[in-house]
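Participant: Please find one structure pasted underneath; my questions will follow.
The values are calculated or read from the model by the stated rules, or taken from the named source; none is laboratory data. Keep in mind that what you see is a predicted model, and the values were worked out from it rather than measured. Cβ placement follows ideal geometry from the backbone for every residue including glycine, while neighbour counts extend to all protein chains displayed.
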């Protein structure tokens with residue numbers, strides 16, 4: 001087949017990109033098949049996919065998270081948040097700051113969580129244990145300490161657990 005008889009079609013759909021190249025009738029058939037069979041499958045897959053962009057996390061948590069010159073901080077006026085929510089917010093603040101290049105790591109050690117939140121070490125340890133068992137937090141070995149980071153499921157839990165502002 002010569003280049004004169006070759007056609008190329010690029011189909012982009014959400015974050016999927018497919019290129020069909022070849023004889024015109026073959027490319028037409030492949031493109032039509034992709035559009036009729038694969039796009040519905042991709043739509044179904046997107047319905048069960050869970051991933052948060054940094055802009056979505058900022059949108060969800062902008063009432064409770066601030067990126068300051070001193071680092072990511074949790075902000076709440078009434079003090080009515082549970083220790084679990086405060087820890088989750090501090091971890092999401094660190095995650096956002098890390099993605100934006102404002103913090104070296106999205107994960108924090110127990111000592112870092114304590115100094116940033118002013119919560120008691122025993123409470124932090126207990127809440128981290130509970131949150132780990134639920135899959136909201138994952139552990140990472142960092143040098144000679146353990147650091148904790150919020151998982152995607154943790155972000156989903158946190159976004160649905162915060163009191164709504166009016």
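Participant: Going through 55, 29 one at a time, which residue ends up being surrounded by fewer than 13 Cβ atoms within 10 Å (Cβ to Cβ), part of a helix (DSSP H, G or I) and either at pLDDT 75 or above or not assigned by TED's automatic domain parsing to the domain that holds residue 116 (or both)?
Facilitator: 55
Participant: Continuing with this model, one more query. Does residue 159 qualify as being part of a helix (DSSP H, G or I), crowded, with 16+ Cβ neighbours inside 10 Å and modelled with pLDDT of 90 or more?
Facilitator: yes
Participant: Consider the range 83-120. How many of its residues are more than 22 Å from the chain's Cα centre (by Cα) and part of a loop (DSSP other than H, G, I, E, B)?
Facilitator: Number satisfying all stated conditions: 3.
Participant: Quick check on the range 95-109. Is at least one of its residues assigned by TED's automatic domain parsing to the domain that holds residue 157, modelled with pLDDT under 90 and exposed (fewer than 13 other Cβ atoms within 10 Å of the Cβ)?
Facilitator: yes
Participant: Taking residue 60 as meeting all but one of (1) in contact with a helix residue (DSSP H, G or I) (Cβ under 6 Å, 6 or more places away or on another chain); (2) touching a residue at least 40 places away in the same chain (Cβ under 8 Å); (3) not in a helix (DSSP H, G or I), write down the number of the exception.
Facilitator: So the condition that residue 60 fails would be (3).
Participant: For the range 103-146, enumerate the residues that are in contact with a helix residue (DSSP H, G or I) (Cβ under 6 Å, 6 or more places away or on another chain) and without any contact (Cβ under 8 Å) to a residue 24 or more places away in the chain.
Facilitator: Answer for the range 103-146, where residues must be in contact with a helix residue (DSSP H, G or I) (Cβ under 6 Å, 6 or more places away or on another chain) and without any contact (Cβ under 8 Å) to a residue 24 or more places away in the chain: 114, 121, 135.
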